[in-house]
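Since the structure comes first, as C-alpha cells, the remarks are kept for the end.
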Amino acid sequence: MADISTKRENNPDASIDFSPRTKKTKVDNEDGRGENREQAEKNVLSTFQTTTVLSDSAREKTIFVHGKFADQNAVVILEKTPIIEDTLSEIFTASTLKLDLKNDIYSTYRLQAPPHLNEMKVTVVCPATEKHVKKYQRQESVLVEETPDDYQSITLPFIQNQSFSVQWVYNILEKKAESERIVFEDPHPKLGFVLLPDFKWDQKQMENLYLIAITHQRNIKSLRDLTSEHLPLLQNIFQKGKEAILHHYSLPASKLRVYLHYQPSYYHLHVHFTKLGYDAPGSGVERAHLLTDVIQNLHSDPHYYKTRTLSFPLRADDGLFSQFQQIGKL
Ligand code: M7G
C-alpha cells in the first residue's frame, strides 16, 4: 500500500503536515541497512472532506474520491483487498454470521470478519493536481493513431509542458522513498534499474502481483524514444527482472506479463511486470506493448518506434485530445 509517508516525500512542498500523527520506527532492509520508516498511528483520513466520487466499481470493489485535506486537493482511493486462502479457517471460525435468506439448498449470509481480516487498501494523492483528478474520473476514451510527425508536432510539446511530475520516480532512484520495498537493483548508470512493487499491489497475495522496473537512465521518456541503442538496457531489465521475481516470489517467467505502456502517465522509462491472468488496469492491447515484442521490433528495425504510427487510447477530457481534434484526427 502507498503509505502516507511516501506521499509526503513525493510532495515535499505539501503544506499538510502528517508528521504529528506518525512515529518513526527502525526497520532493517534485507541487506541489513537500518532505515527509518514512518508508521501511521492515527487516522489521517478523518480530516478528509469529500467533494465528489470520481468513479467506483462494484466489480473491482474500488471507489475513487475527490476531496480536500484542509485546503489541499486530494484523491483518496479505497479498495477492498482480495481474500487470502491462508486466512480462510480464521474467517470461518472467528467471524459473526447473519442469515439473509434460505431457500431449498440455497442460503446467503452477511459475514463480519475480524478487523485484521477486513482491511482496505487506501491510496492518497495529496496535493492532487487537476490532472490527477481527471486521471481517476470515469471517462470514455477514443483511439488515436499517432504518426511520427504527430508525435513531434503535437504529443512531444504537450508532454513537455503538461505531464505528471516524476519526482516520485527520482525519490525511488535516490532512495528517498520506498527504499525498503526494493526487490532488486542493478546500479549500472546505463543498463541499470530498480525493481519494486507497484503501489497498486498490496503484496498480500500473488494473484495480482504487480512490480515496476524503473531505469536509472533519466532521459528516456517512453517507447517513442527507444532505438536499438537501448536493446542492452531492455534485455537487462527483462532478464534480471524475471530472475529477481523468480527468486523473490518463486514465480516463473512463463507466468509473467512484461510490458510498457504507450502513452504512459509518467514519462520516465519503466516496465510493468504483472502476473499473467491478472486483469491489471492498462494491460489491454490498446496500451500495453510486450517487452519481448519491443525487443524484437528494435532488432528488426533500429528505429521502429521512431518511424511507426502508434495507437493509444485518449480520454475526451485529456488536453491532448483537443490537440488531436484541432488537426482533424478525432
Ligand atoms: P504508467 O504506465 O506511467 O501509468 O505507469 P499508469 O499509472 O496510467 O499505469 C506508472 C506505474 O507506476 C503505475 O502502474 C502506477 O501504479 C505506479 N506508480 C505510480 N506512483 C505515483 C507510484 C509510487 O509512488 N510508487 C510506486 N511504487 N508505484 C507508483
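The values are calculated or read from the model by the stated rules, or taken from the named source; none is laboratory data. Treat the numbers as computed from the prediction; the structure is a model and nothing was measured. Glycine also receives a Cβ, built like all others from the backbone with ideal geometry; neighbour counts cover every protein chain displayed. What goes into the accessible areas is simple: the full protein's heavy atoms, side chains included, and nothing from ligands, DNA or RNA. Shrake-Rupley method; radii C 1.70, N 1.55, O 1.52, S 1.80 Å.
Things worth noting here:
- Cβ-Cβ contacts under 7 Å between residues 6 or more apart (or on different chains), taken from a first residue in region 172-183 that is over 19 Å from LYS204 (Cα atoms) to a second residue that is of a type in the set (A, V, I, L, M, F, W, C) and outside any loop (DSSP other than H, G, I, E, B), are listed as ILE172/VAL194; ILE172/LEU196; ILE172/ILE214; LEU173/VAL194; LEU173/ILE214; ALA177/TRP168.
- When GLY319 is tested against (1) more than 13 Å from the ligand (Cβ to nearest atom); (2) modelled with pLDDT of 95 or more; (3) open to solvent by less than 60 Å² (accessible area, probe 1.4 Å); (4) among the small types (Gly, Ala, Ser), only condition (2) is not met.
- Matching residues, region 168-181, being assigned to a helix (DSSP H, G or I) and either near the ligand (Cβ under 9 Å from one of its atoms) or open to solvent by less than 20 Å² (accessible area, probe 1.4 Å) (or both): TRP168, VAL169, ASN171, ILE172, LEU173, SER179, ARG181
- Tally of residues being without any contact (Cβ under 8 Å) to a residue 60 or more places away in the chain and open to solvent by 20 Å² or more (accessible area, probe 1.4 Å) across region 212-235: 5
- Identification of strands (runs of 3 or more DSSP E) wholly contained in region 57-121 with 2 or more residues that are open to solvent by less than 50 Å² (accessible area, probe 1.4 Å) and more than 26 Å from GLN205 (Cα to Cα) yields 62-69, 72-80.
- Residue under evaluation LYS200, criteria (1) touching a Phe, Trp or Tyr at 6+ places or on another chain (Cβ under 8 Å); (2) within 10 Å of the ligand (Cβ to nearest atom); (3) modelled with pLDDT of 95 or more, criterion not met: (3)
- Qualifying positions in region 122-137 - of a type outside the set (Val, Ile, Thr) and open to solvent by less than 100 Å² (accessible area, probe 1.4 Å): CYS126, PRO127, ALA128, LYS131, HIS132, LYS134, LYS135, TYR136, GLN137
- Any hit, region 283-290, residues being at pLDDT 95 or above, within 14 Å of the ligand (Cβ to nearest atom) and either closer than 20 Å to PHE164 by Cα or open to solvent by less than 10 Å² (accessible area, probe 1.4 Å) (or both): yes
- The test for being touching a Gly at 6+ places or on another chain (Cβ under 6 Å) and within 13 Å of the ligand (Cβ to nearest atom) does not hold for HIS216.
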